[in-house]
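Colleague: What follows is a single structure, and I will ask about it in a moment.
The values are calculated or read from the model by the stated rules, or taken from the named source; none is laboratory data. Every value quoted in this text rests on a predicted model; they were computed, and no experiment measured them. Cβ placement follows ideal geometry from the backbone for every residue including glycine, while neighbour counts extend to all protein chains displayed. In case anyone asks, the SASA skips ligands and DNA or RNA and just uses the protein heavy atoms, side chains included. Shrake-Rupley method; radii C 1.70, N 1.55, O 1.52, S 1.80 Å.
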Amino acid sequence: MSGHAEAQVRPGDEGDLVALTDLYNHYVRETPVTFDTTPFTPAERRPWLLSHPVDGPHRLMVATAADTGRVLGYASSSPFRAKPAYATSVETTVYVAPDAGRRGIGTLLYQALFDALADEGLHRAYAGIAQPNAASTALHERFGFRYVGTYREVGHKFGRWWDVAWHEKEL
């Protein structure tokens, strides 16, 4: 477990399902950072949670408040693409509760995630960042991601088109 006085980071588990679903649904309803457009029920989100075991290349790390245990955010690594030759690549993502931003929670989560992935035989991590999103871009750059290109107007949400900038990190 890692963390500081305000938060602790640990692997996610089924007890986190409702809180993680609520957190993700905020981003579905209120922001373009995910291109999902319909909120999920916990039952619908359960297969996603179960696809992130406590070991292996596809992880889920959860940050909780040290004093209350409230979920402050999560980071995950997931398959980059389904075809076998992509197995040594992962797509990473991080979501922080709206009232927990700018407090280092994303940094704690990514540090724990990349520490957990260090011995998994992975070659690259990729992150797609809906634009504009200066905070997410800065976080990824702090962790060694470099910009590789932009898919222009690849998503349509809230009545407008959104670009996605892609970044990669050597592992």
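Colleague: Which of the residues spanning the range 136-153 are hydrophobic (A, V, I, L, M, F, W, C) and free of Cβ contacts under 8 Å to residues at least 24 places away in the same chain?
Modeller: Correct list: Ala138, Val148.
Colleague: Between Gly121, Gly101, which is under 25 Å from Leu49 (Cβ atoms), small (Gly, Ala, Ser) and at pLDDT 95 or above?
Modeller: On inspection, the qualifying residue turns out to be Gly121.
Colleague: Restricting attention to the range 25-49, which residues are under 15 Å from the mean Cα position of the chain (by Cα) and either surrounded by fewer than 12 Cβ atoms within 10 Å (Cβ to Cβ) or under 19 Å from Ala125 (Cα atoms) (or both)?
Modeller: Once the filter is applied, which keeps residues that are under 15 Å from the mean Cα position of the chain (by Cα) and either surrounded by fewer than 12 Cβ atoms within 10 Å (Cβ to Cβ) or under 19 Å from Ala125 (Cα atoms) (or both), the range 25-49 yields Val33, Thr34, Trp48.
Colleague: Just one of Gly69, Gly106, Gly144, Gly73 is of a type outside the set (A, V, I, L, M) and farther than 20 Å from Ala19 by Cα; which is it?
Modeller: Only one candidate passes the filter, namely Gly144.
Colleague: Let me ask something else about it. It is to be established whether one or more residues within the range 108-115 are modelled with pLDDT of 95 or more and open to solvent by 60 Å² or more (accessible area, probe 1.4 Å).
Modeller: yes
Colleague: Does Thr92 qualify as being modelled with pLDDT of 95 or more and over 14 Å from the mean Cα position of the chain (by Cα)?
Modeller: So Thr92 does not fit the description; no.
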